[in-house]
Amino acid sequence: MKQSSDSPIILLLSRVISPYIMLFGLYVIFHGHYSPGGGFQGGAMLAASILLIRISAEEKVYELQFKKSFDIPLGALGVLIFLGVGLIAMLLGGNFLDYHFLPMDWMPKADVRAMGILLIEVGVGLAVMTILVAIYDNLLEDEDA
Amino acid sequence: MHWELELVLYLFLIISAVVSLYVKDLLTAVVSLSVFSFILAMLFVSMGAIDVGFTEAVIGAGVTGVLYIVLIYKTSRRSND
């Protein structure tokens with residue numbers, strides 16, 4: 001925000017809490033296929049940890065954590081991971097997002113299915129995180145103008 | 001979950017919803033709406049929908065609160081009532 005708070009207590013507290021939120025978000029994404037949670041929830045949690053730093057620190061500090069210009073390209077990369085996994089399975093003879101047909105022959109078919117859903121969740125998490133941060137950045141964008 | 005505890009949660013849910021509708025100060029309304037989302041997430045979890053409760057806690061109580069506060073700081077009230 002333009003007038004960031006000068007309170008060192010708020011900055012210290014959010015600096016301490018933010019990495020733990022981020023670690024829990026990664027746990028939620030990578031355990032999404034056996035426990036509650038998944039790509040969307042984990043991505044929203046990662047976005048919450050980034051937004052915590054964005055509202056408590058000034059722009060020079062939060063640009064070090066996650067650059068504004070990375071928002072949209074990384075979101076597009078997440079969508080491309082989702083679409084790419086689906087299309088690869090479709091090109092190799094299956095339906096869209098049919099993980100059985102993914103070209104990973106060195107492991108048994110059950111593991112190929114688990115890796116496929118993991119790739120999808122990484123893509124979804126990346127897209128959700130970056131788009132939520134991009135909404136925040138676009139809301140603040142014309143404040144300096 | 002014990003029904004007494006759920007009754008208390010429902011009571012606070014209704015109170016926070018009414019407060020966020022009728023309060024004048026917009027920042028108070030946003031904080032009260034976050035409280036509403038958090039209590040609703042706890043009720044979802046107690047009803048067994050852990051995924052829904054998870055999403056409600058993260059999106060409703062976390063991210064939308066931040067976005068609403070940014071919008072409050074970017075707008076101003078035209079009439080001074």
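Mean partner shielding of peptide B:66-78, defined as the number of other chain Cβ atoms within 10 Å of each residue Cβ, is 3. Its residues counted as N, chain A yields a C-alpha radius of gyration over 2.2 N^0.38 Å of 1.25. For the peptide A:44-56, the mean number of other protein chain Cβ atoms found within 10 angstrom of a residue's Cβ is 3.
The range B:1-79 and the range A:98-122 have Cα centres spaced 39 Å apart.
For the residues of B:43-54, the average number of beta carbons from a partner chain within 10 Å of their own beta carbon is 2. The chymotrypsin sites (Phe, Trp or Tyr not before Pro) of the range A:1-105 meeting both criteria, a DSSP state outside H, G, I, E and B (loop) and at most 14 other C-beta atoms within 10 angstrom of the site's C-beta, are A:Y34, A:F96. Measuring nothing but how far apart in sequence close Cα pairs (under 8 Å, 6+ apart) lie, relative to its length, the range B:24-75 scores a relative contact order of 42 percent. Restricting the range A:42-71 to trypsin sites (Lys or Arg not before Pro) that sit in a DSSP loop and have at most 14 other Cβ atoms within 10 Å of their own Cβ leaves A:K67. Lys-Lys pairs in the protein assembly as shown that are eight or more residues apart or on separate chains and whose Cα atoms lie under 26 Å of each other come to 10.
Largest mean-square fluctuation among B:S16, B:S37, B:S46, in a Gaussian network model of chain B whose springs join Cα atoms under 10 Å apart, belongs to B:S46.
Within the range B:24-81, the trypsin sites (Lys or Arg not before Pro) that combine a DSSP coil assignment with at most 14 other C-beta atoms in a 10 angstrom radius are B:K24, B:R77, B:R78.
For the range A:18-133, the relative contact order works out to 36 percent when only alpha carbon pairs closer than 8 Å and six or more residues apart are counted.
All of the numbers you see were taken from the coordinates with simple rules; none came from a lab. Remember, predicted model here, so these are calculated numbers, not experimental data. With ideal geometry, Cβ positions are generated from the backbone for all residues, glycine too; neighbour counts draw on all protein chains shown.
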